[in-house]
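Participant: My questions all concern the structure below.
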Amino acid sequence: MKHIIITILFFVSASMPVTAQTDSTQQAKPLKIHHAEPLYMDLIRDLGARKGEKEWNVGYGIEAHKDYRINHSFVEYEFSPVNRLGLEVEVPFAFYKSAHAQEGAEIPRNRIEGLKLAAQYTFLVSEKHQMSMAGGYMHEFRAHSFYSIDHGRGMLKGNSISPFFIVAKKWGNRINSMIYTGPEWEITPGESRRDLFYQTNASMHYVLPGGNFVGVEVNDEFSGTSHHTVLRPQIKLILASNLSLGFVTGIPTNSRTDGMSFMTRVIFEPGSRLAH
């Protein structure tokens with residue numbers, strides 16, 4: 001409980017407005033390399049984020065499994081209270097539907113998946129090597145299904161803790177590569193469970209004139225008993241200076257248990273301009 005309270009206080013204090021003295025001479029903005037950001041495993045904030053940046057994301061997706069289909073949706077808010085530090089709050093939802101006309105297959109129940117709080121700090125921005133590196137931490141308060149809550153189970157089911165590391169590099173003006181990796185522990189006190197997963201997410205993008213891009217992510221997840229790999233071709237379209245739209249298709253390498261998926265993401269940066 002102590003680490004949960006500390007996490008909440010951290011995000012509350014970071015989101016409070018900060019007042020500072022202004023100088024007649026405007027300070028130069030810190031160096032920032034504009035890397036293409038993956039659309040599925042997106043970052044907490046741009047690498048090398050600058051103070052005052054903020055962004056809203058709203059998404060919807062469909063994911064097929066052997067016995068059921070998942071309709072995903074999410075709302076997330078990203079902001080930078082100081083240079084190079086990004087914070088994020090996300091609320092994801094999941095709604096399940098049987099993949100067969102006849103009933104019988106057991107499927108998960110509808111739920112708010114939880115509340116995700118995350119922080120990311122860019123500790124290296126190298127103009128010479130066109131490279132950025134960052135580390136961060138994500139904490140998810142996982143919720144019970146609506147059915148379980150209605151039957152007295154309470155809201156909180158467990159917690160997930162995920163430290164992560166990111167390295168990104170630009171190869172010339174158009175090609176961008178990135179690796180996002182780290183472990184994830186899922187802790188479920190009511191079931192006396194503590195599961196460990198490890199994720200490696202690699203991506204490559206080609207940025208077109210105007211900031212549009214095409215690319216692919218390779219999402220790998222390992223545990224003691226399973227290994228899942230999903231290829232995610234994707235495209236990002238710039239609709240306005242601060243508004244863009246992303247489309248992602250998921251192609252699993254193991255089609256016996258996992259099916260195709262699709263996701264779309266609306267990205268809005270109030271009061272700023274997209275630059276890539």
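Participant: Give me the pairs, please: first residue somewhere in segment 108-135 and farther than 18 Å from E37 by Cβ and touching a residue at least 12 places away in the same chain (Cβ under 8 Å), second residue anywhere and of a type in the set (S, T, Y) and not in a strand (DSSP E or B), beta-carbon distance under 7 Å, and either six or more positions apart or on two chains.
Facilitator: Hits for this filter: R109/S145; R109/Y147; N110/S145; R111/S145; L117/T7.
Participant: Taking R69, is it more than 20 Å from I112 (Cβ to Cβ), among the basic types (K, R) and touching a residue at least 12 places away in the same chain (Cβ under 8 Å)? Walk me through it before giving the result.
Facilitator: Numbers: more than 20 Å from I112 (Cβ to Cβ): no; among the basic types (K, R): yes; touching a residue at least 12 places away in the same chain (Cβ under 8 Å): yes.
No.
Participant: Among the numbered criteria (1) at pLDDT 90 or above; (2) under 25 Å from I251 (Cβ atoms), which one does Y68 miss?
Facilitator: Condition not satisfied by Y68: (1).
Participant: Pairs, please: C-beta under 9 Å, at least 6 apart or cross-chain, first residue in contact (Cβ under 8 Å) with a residue 40 or more places away in the chain and in segment 238-252, second among the charged types (D, E, K, R) and not in a strand (DSSP E or B)?
Facilitator: Final answer for the pair search is G246/D42.
Participant: Among the residues of segment 28-48, are any assigned to a strand (DSSP E or B) and buried (at least 20 other Cβ atoms within 10 Å of the Cβ)?
Facilitator: no
Participant: Can you find, within segment 147-174, the residue that is nearest to S223 (Cα to Cα) among those that are surrounded by 15 or more Cβ atoms within 10 Å (Cβ to Cβ) and more than 17 Å from the chain's Cα centre (by Cα)?
Facilitator: Quick first cut of segment 147-174, residues surrounded by 15 or more Cβ atoms within 10 Å (Cβ to Cβ) only: 148-149, 156-162, 164, 166-170.
Still in the running and more than 17 Å from the chain's Cα centre (by Cα): 148-149, 156-158, 169-170.
Details: S148: 27, I149: 29, L156: 24, K157: 21, G158: 18, K169: 28, K170: 31 Å.
My answer is G158.
Participant: Being of a type in the set (V, I, T) and either in contact with a Pro (Cβ under 9 Å, 6 or more places away or on another chain) or not in a strand (DSSP E or B) (or both) is the filter; apply it to segment 59-80 and report the residue that is surrounded by the fewest Cβ atoms within 10 Å (Cβ to Cβ). Working first, answer last.
Facilitator: In the first step, residues of segment 59-80 are kept if they are of a type in the set (V, I, T); the result is 62, 70, 75.
Next, only the ones that are either in contact with a Pro (Cβ under 9 Å, 6 or more places away or on another chain) or not in a strand (DSSP E or B) (or both) stay: 70, 75.
Working: I70: 17, V75: 13.
Among them, the one singled out is V75.
Participant: Quick check on my filter: what residues within segment 125-143 are farther than 18 Å from L85 by Cβ and under 21 Å from the mean Cα position of the chain (by Cα)? Explain how you work it out, then say what you get.
Facilitator: The first filter runs over segment 125-143 and keeps only residues farther than 18 Å from L85 by Cβ, leaving 126-131, 140-143.
M131, E140, F141, R142, A143 - these are the residues of segment 125-143 that are farther than 18 Å from L85 by Cβ and under 21 Å from the mean Cα position of the chain (by Cα).
Participant: What number of residues within segment 218-263 are of a type in the set (S, T, N, Q), surrounded by 14 or more Cβ atoms within 10 Å (Cβ to Cβ) and more than 20 Å from G182 (Cβ to Cβ)? Write out each step before concluding.
Facilitator: In the first step, residues of segment 218-263 are kept if they are of a type in the set (S, T, N, Q); the result is 219, 223, 225-226, 229, 234, 241-242, 244, 249, 253-255, 257, 261.
Subsequent filtering for residues that are surrounded by 14 or more Cβ atoms within 10 Å (Cβ to Cβ) retains 219, 229, 234, 242, 244, 249, 261.
Now narrow it down to the ones that are more than 20 Å from G182 (Cβ to Cβ): 234, 242, 244, 249, 261.
Counting residues in segment 218-263 that are of a type in the set (S, T, N, Q), surrounded by 14 or more Cβ atoms within 10 Å (Cβ to Cβ) and more than 20 Å from G182 (Cβ to Cβ) gives 5.
Participant: Still on this structure, please answer the following. Just name the residue that is farthest from the chain's Cα centre (by Cα) out of those in segment 194-210 that are farther than 21 Å from T249 by Cβ and in contact (Cβ under 8 Å) with a residue 24 or more places away in the chain. Give the steps one after another, and end with the answer.
Facilitator: Taking segment 194-210 first, the residues farther than 21 Å from T249 by Cβ are 194-198, 209-210.
After this cut, where a residue has to be in contact (Cβ under 8 Å) with a residue 24 or more places away in the chain as well, the list is 195-198, 210.
Details: D195: 20, L196: 19, F197: 16, Y198: 15, G210: 24 Å.
Top of the filtered list is G210.
Participant: Restricting attention to segment 242-276, report how many residues are of a type outside the set (A, V, I, L, M), part of a loop (DSSP other than H, G, I, E, B) and over 24 Å from F197 (Cα atoms).
Facilitator: 7
Participant: In this structure, is H139 of a type outside the set (K, R), in contact with a helix residue (DSSP H, G or I) (Cβ under 7 Å, 6 or more places away or on another chain), surrounded by 16 or more Cβ atoms within 10 Å (Cβ to Cβ) and modelled with pLDDT of 95 or more?
Facilitator: Numbers: of a type outside the set (K, R): yes; in contact with a helix residue (DSSP H, G or I) (Cβ under 7 Å, 6 or more places away or on another chain): yes; surrounded by 16 or more Cβ atoms within 10 Å (Cβ to Cβ): yes; modelled with pLDDT of 95 or more: yes.
Judged against the criteria, H139 is a match.
Participant: Oh, and also: Regarding F268, is this residue more than 15 Å from P38 (Cα to Cα) and modelled with pLDDT of 95 or more? I'd like the intermediate steps shown before the answer.
Facilitator: Numbers: more than 15 Å from P38 (Cα to Cα): yes; modelled with pLDDT of 95 or more: yes.
For F268, the condition - more than 15 Å from P38 (Cα to Cα) and modelled with pLDDT of 95 or more - is met.
The values are calculated or read from the model by the stated rules, or taken from the named source; none is laboratory data. In this text, all values refer to a predicted model and were calculated from it rather than measured experimentally. Methodologically, a virtual Cβ is constructed for each residue, glycine included, from the backbone with ideal geometry; neighbour enumeration extends over all protein chains shown.
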